[in-house]
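Right, one structure below, let's go through it.
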Amino acid sequence: MRIATFNVNGIRTRLPILLRWLDETRPDIVCLQELKAQQEDFPALAIRAAGYHAIWHGQKSFNGVAILARGGEPVERRRALPGDPADAHSRYIEAAVGPLLVGCLYLPNGNPAPGPKFDYKMRWLERLAAHAQELLAGGDPIVLAGDFNVIPSEIDVYKPEAWVNDALFRPEVRAAFAELLRQGWTDALRQTYPNQRIYTFWDYFRNHYQRDAGLRIDHLLISPALCARLTGAGVDRAVRGLEKASDHAPTWIELAD
DNA sequence: ATGCCGTGGAAACCACGA
């Protein structure tokens with residue numbers, strides 16, 4: 001089965017591209033981020049007509065996450081990361097899809113760093129680590145997928161020296177991501193391609209896509225129970241080159257049944 | 001070093017993104 005993550009940067013504007021990509025690649029489970037739409041403005045009918053059940057957590061203008069599944073309905077487990085009831089951003093949604101648990105996340109950008117936005121990102125990373133640890137304790141097959149806004153290492157950015165002080169690449173952010181891997185999670189794209197340059201995001205400007213000046217910031221972390229089932233992974237780069245594209249490309253893994 | 005582009009919402013600009 002195929003599980004994908006895609007930061008759409010506005011689901012209403014991106015709907016034609018999303019539907020075309022769903023039709024062409026037929027992923028079984030899809031995590032979406034940056035819906036940028038209120039709960040009632042999610043295009044549920046069009047997505048249902050494409051063959052997908054969906055749950056989503058919208059927010060006016062910003063953020064917003066969704067989990068799509070074909071074959072079965074995603075059964076919602078939670079729609080916020082624990083640890084801060086005052087955090088009103090729609091950045092996390094979690095569901096059971098058959099025997100699989102899926103966490104879909106949109107981690108804060110954190111720029112400018114230092115500053116309150118960076119502090120919020122670091123707190124969010126701490127909350128994510130705590131929840132991720134709880135999830136692992138169950139021993140279930142779990143995928144944590146989404147836009148992490150974390151460049152894990154130098155190979156994941158076209159020009160590392162230009163990003164050292166950026167909130168996506170600062171040492172404490174990379175350390176927090178590495179801590180997730182130490183818990184037992186596997187970065188499925190990097191596991192599949194240990195030495196390749198793989199990007200999932202390219203800026204809209206400066207011809208970054210045409211120059212392949214990208215970042216790898218969209219990730220699928222899999223729990224130990226899934227490692228032996230990982231048979232492939234990839235990025236649908238061509239989607240980034242379409243007219244009216246998101247600045248992110250869909251990123252996916254393949255699991256043996 | 002940089003939001004140069006894109007989206008959304010409010011209001012003909014601004015917030016936000018990475």
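Please treat every number below as a calculation from the coordinates, not as lab data. Everything quoted here is computed from the prediction, not taken from an experiment. All Cβ positions, glycine included, derive from the backbone under ideal geometry; neighbour counts span all protein chains shown.
Running a GNM on chain A with Cα contacts under 10 Å, which residue among A:A95, A:A69, A:A44 ends up with the highest mean-square fluctuation?
A:A44
If you put +1 on each Lys and Arg Cβ and -1 on each Asp and Glu Cβ, how big is the dipole of chain A around its Cα centre, in Debye rounded to 20? Write out the running numbers ahead of the final one.
Working: 30 positive and 31 negative charges, 76 e Å.
Taking the Cα centre of chain A as origin, the dipole is about 360 debye.
Would you kindly work out the equivalent ellipsoid of chain A from its C-alpha gyration tensor and give its semi-axes, the square roots of five times the eigenvalues, largest first in whole Å? All intermediate terms of the calculation are to be shown ahead of the outcome.
On the way: eigenvalues 112, 92, 76 Å².
Three semi-axes, in Å: 24, 22, 20.
I need the P(r) histogram for region A:1-102: all alpha carbon pairs, bin width 5 Å from 0 out to the longest distance, whole percents.
P(r) over region A:1-102, rounded to whole percents: 3, 13, 25, 26, 19, 9, 3, 1, 0.
Work out the FRET efficiency for A:R78 and A:R197 from their Cβ-Cβ distance, taking R0 = 41 Å, and round it to the nearest 0.05.
The computed FRET efficiency comes out at 0.70.
Once the other residues with Cβ under 12 Å from the Cβ of A:K60 are scored (Lys, Arg +1; Asp, Glu -1), what is the net sum?
With Lys, Arg at +1 and Asp, Glu at -1, the neighbours total -1.
Based on DSSP H runs of at least 4 residues, each adding -39500 (n - 2.57), what is the mean residue ellipticity at 222 nm of chain A after dividing by all its residues, to the nearest 500 deg cm²/dmol?
Using -39500 (n - 2.57) per qualifying helix, the result is -7500 deg cm²/dmol.
Can you give me the pair-distance distribution of region A:131-180, C-alpha pairs, 10 Å bins, whole percents?
23, 44, 24, 10, 0
Which whole-number percent is the relative contact order of region A:24-111 (Cα, under 8 Å, 6+ apart)?
Value for region A:24-111: 27 percent.
Output wanted: per-residue J couplings in Hz (rounded whole) for region A:187-201, from phi through Karplus 6.51 cos²θ - 1.76 cosθ + 1.60, θ = phi - 60°, x for Gly and Pro.
Here the 3J(HN,Hα) series is 6, 5, 5, 5, 4, 6, 10, x, 10, 7, 6, 10, 10, 10, 9 Hz.
Using the 10 angstrom Cβ neighbour count as an exposure proxy, how do A:L22, A:L35 rank, fewest first? Present the calculation step by step, with values, prior to reporting the outcome.
Working: A:L22 20, A:L35 28.
Ranked by crowding around the Cβ, least crowded first: A:L22, A:L35.
Between beta-carbons, use under 15 Å as the cut-off and find the net charge around A:S246, counting Lys and Arg +1, Asp and Glu -1.
Summing Lys and Arg as +1 and Asp and Glu as -1 gives 0.
Under 8 Å for C-alpha pairs, at least 6 residues apart: give me the relative contact order for chain A, rounded to a whole percent.
Details: 576 pairs, mean separation 49.5, N = 257.
Dividing the mean separation by the residue count of chain A yields 19 percent.
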